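Below: the structure, in structure tokens.
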Amino acid sequence: MVFFVPKVVIVGHYVDKPQSKWIDSESKKAQYNCIAKNIIISSVNLDEFFRVSQCTLAKEMWDTLEVTYEGTSDIKRAGKHALIQQYKLFKMMPMETIAGVLKRFTHIVNHLISLGKVFDKE
């Protein structure tokens with residue numbers, strides 16, 4: 001497994017710092033990165049594993065999974081605007097039951113809340 005390796009600048013280029021020259025904080029950072037990567041890898045299914053297996057840092061893995069499941073901030077914003085539009089134009093459809101209306105409305109509201117929309121109690 002690839003893990004965090006501190007870098008040093010030699011003749012204008014970043015190269016891996018030899019492990020024998022790591023300071024204590026660099027060793028801990030490498031150790032924590034390995035622990036975090038192991039937690040992420042043990043928590044994902046096979047498809048997700050292949051998606052993150054080439055990442056060298058736990059943060060890269062996390063960011064990859066975040067974009068995969070939540071989308072970028074632009075995608076979130078567009079989704080939020082689309083849901084707000086559905087919320088504003090919400091009405092009962094012909095032949096729809098009260099239970100169906102409530103289910104659709106709850107679905108829209110729950111998605112908006114998960115995207116950070118705040119509703120007044122009124």
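Derivation of every value follows stated rules applied to the coordinates shown; laboratory data play no part. On a predicted model such as this, the values are computed, not experimentally measured, just so you know. So basically every Cβ, Gly included, is an ideal-geometry build from the backbone, and we count neighbours across all protein chains shown.
Only four residue types carry charge here, +1 at the Cβ of Lys and Arg and -1 at the Cβ of Asp and Glu. Report the dipole size of the chain about the Cα centre in Debye, rounded to the nearest 20.
240
May I ask for the percentage of alpha-carbon pairs in region 82-122 that lie more than 13 Å from each other?
Every Cα pair in region 82-122 considered, those over 13 Å come to 55 percent.
With a cut-off of 8 Å between alpha carbons and a minimum separation of six or more residues, what is the relative contact order of region 13-107 in percent?
16
Mind listing P(r) for region 7-70? All alpha-carbon pairs, 10 Å bins, whole percents.
Spelled out bin by bin, region 7-70 gives 19, 39, 27, 14, 0 percent.
Using the Kirkwood radius over Cα pairs, work out the Stokes-Einstein diffusion coefficient for the chain at 10 °C and 1.306 mPa s, in µm²/s as a whole number.
Translational diffusion coefficient: 85 µm²/s.
Pop the C-beta distance of residue 35 and residue 66 into the FRET formula with R0 = 22 Å and round what comes out to the nearest 0.05.
0.70
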